[in-house]
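See structure below.
The values are calculated or read from the model by the stated rules, or taken from the named source; none is laboratory data. Small disclaimer: the values here were computed from a predicted structure and weren't measured. Cβ sites come from the backbone with ideal geometry, for glycine too, and all protein chains shown count toward neighbours.
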Amino acid sequence: MRFLKTAAVAAAFLGVVSAASATTVVVGGKNYTEQQLMSEMTAQLLKAKGFNVDKRTGLGTAPLRQAQENGQIDVYWEYTGTSLITFNKVTDKLDAAATYAKVKELDTPKGLVWLNPSKANNTYSFAMRAADARAKGITSISDLAAKINGGEKLSFGSNAEFYARPDGLKPLEESYGFTFGRDNVKRMDTGIVYQALKDGQVDVGLVFATDGRIPAFDFVVLKDDKGYFPTYAMTPVIRKAVLDANPQLAEILNGLSAKLDDQTMAKLNASIDVDKKTVEEVAAGFLKQQGLI
């Protein structure tokens with residue numbers, strides 16, 4: 001009798017494990033280091049919790065969002081400012097809390113749930129080589145605009161997405177009252193911008209605030225003194241249908257979100273881009289160190 005009860009409990013347990021294992025979550029990601037890392041951490045974390053994972057990374061912002069709205073991607077880490085401006089076309093200047101509340105509200109009818117935002121604000125930034133910025137007396141984007149309007153030709157390295165997006169280069173130039181000039185804008189992949197700036201191929205580069213190469217390459221970030229860029233709080237966004245079917249995903253993903261801030265992300269990103277560790281080993285090391293797996 002005791003054996004039968006034990007067997008029944010074991011069978012029930014295996015049934016639960018089997019059910020969890022049968023659930024496949026499609027994890028998406030964009031095509032740069034931080035996003036590759038976040039999709040890998042998410043995949044490893046969900047696998048450790050008994051889920052099957054289908055990871056699809058290397059996508060541009062617009063295709064990734066479209067894939068999620070279409071039900072092809074279940075969860076990925078998006079930035080609040082991107083949803084506010086690029087997806088929802090809101091141009092009002094909002095603080096961090098209001099930005100999160102607004103995108104959460106606007107994306108709900110689309111079947112998307114914004115979970116808890118991390119403290120990592122991966123906003124766009126303009127950077128220069130520290131020595132060059134000191135020599136030119138440039139500490140802010142307004143200083144940069146004044147130099148260019150004064151006749152100094154400075155080249156700008158940017159990815160193609162920022163060059164074209166509605167919260168990108170042209171509106172920023174309008175806000176600050178200057179223009180680099182078409183011939184002085186060099187479009188290249190995001191990762192190449194950092195090396196091009198380091199090597200002196202461009203004078204100013206578009207960077208992400210949490211990128212570990214900023215301190216490693218001795219760059220200085222120019223102050224956005226007009227507050228052009230919104231808050232880009234990195235947040236797990238999940239399809240409501242998937243969350244309703246697997247409510248435990250909220251606690252799992254919020255647990256990871258709570259461990260992330262600017263300093264942590266810069267260090268993790270640098271481990272990959274500067275120290276040349278693999279995305280997989282950095283993800284696993286962090287999850288284990290934090291007791292998440």
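Quick grid of which residues meet (1) touching a residue at least 40 places away in the same chain (Cβ under 8 Å); (2) polar (S, T, N, Q); (3) outside the structural domain of Lys259 (by TED's automatic domain parsing):
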position	(1), (2), (3)
Thr24	no, yes, no
Asn31	yes, yes, no
Gln35	yes, yes, no
Met41	yes, no, no
Gln44	yes, yes, no
Lys55	no, no, no
Gly58	no, no, no
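Taking each residue of the range 201-217 that is in contact (Cβ under 8 Å) with a residue 12 or more places away in the chain and over 14 Å from Met128 (Cβ atoms) and looking for partners that are surrounded by 24 or more Cβ atoms within 10 Å (Cβ to Cβ) and of a type in the set (Gly, Ala, Ser) with beta-carbon atoms closer than 7 Å, six or more apart or interchain, yields Thr210/Ala120.
In this structure, Leu154 does not qualify as outside the structural domain of Lys93 (by TED's automatic domain parsing), buried (at least 17 other Cβ atoms within 10 Å of the Cβ) and touching a Ser or Thr at 6+ places or on another chain (Cβ under 6 Å). Of everything in the range 157-197 that is touching a strand residue (DSSP E or B) at 6+ places or on another chain (Cβ under 6 Å) and either of a type in the set (Gly, Ala, Ser) or without any contact (Cβ under 8 Å) to a residue 12 or more places away in the chain (or both), the residue that is surrounded by the fewest Cβ atoms within 10 Å (Cβ to Cβ) is Ala160.
The residues listed here are Ala284, Ala241, Ala266; of these, the one that is among the small types (Gly, Ala, Ser), touching a residue at least 40 places away in the same chain (Cβ under 8 Å), in contact with a helix residue (DSSP H, G or I) (Cβ under 8 Å, 6 or more places away or on another chain) and farther than 21 Å from Arg213 by Cβ is Ala284.
Quick grid of which residues meet (1) outside the structural domain of Pro166 (by TED's automatic domain parsing); (2) under 30 Å from Leu46 (Cα atoms):
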{"residue": "Gly200", "(1), (2)": "no, no"}
{"residue": "Ala209", "(1), (2)": "no, yes"}
{"residue": "Lys240", "(1), (2)": "yes, yes"}
{"residue": "Leu256", "(1), (2)": "yes, yes"}
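Pairing residues of the range 93-116 that are under 12 Å from Thr235 (Cα atoms) and in the same structural domain as Thr80 (by TED's automatic domain parsing) with residues that are at pLDDT 95 or above and assigned to a loop (DSSP other than H, G, I, E, B), at Cβ distances under 6 Å and at least 6 apart in sequence or on separate chains, gives Tyr100/Pro117. Among the residues of the range 113-125, write down those that are surrounded by 23 or more Cβ atoms within 10 Å (Cβ to Cβ) and modelled with pLDDT of 95 or more. Pro117, Ser118, Ala120 - these are the residues of the range 113-125 that are surrounded by 23 or more Cβ atoms within 10 Å (Cβ to Cβ) and modelled with pLDDT of 95 or more. Each residue in the range 164-191 was checked for being over 17 Å from Ser125 (Cβ atoms) and of a type in the set (Val, Ile, Thr), and 1 pass.
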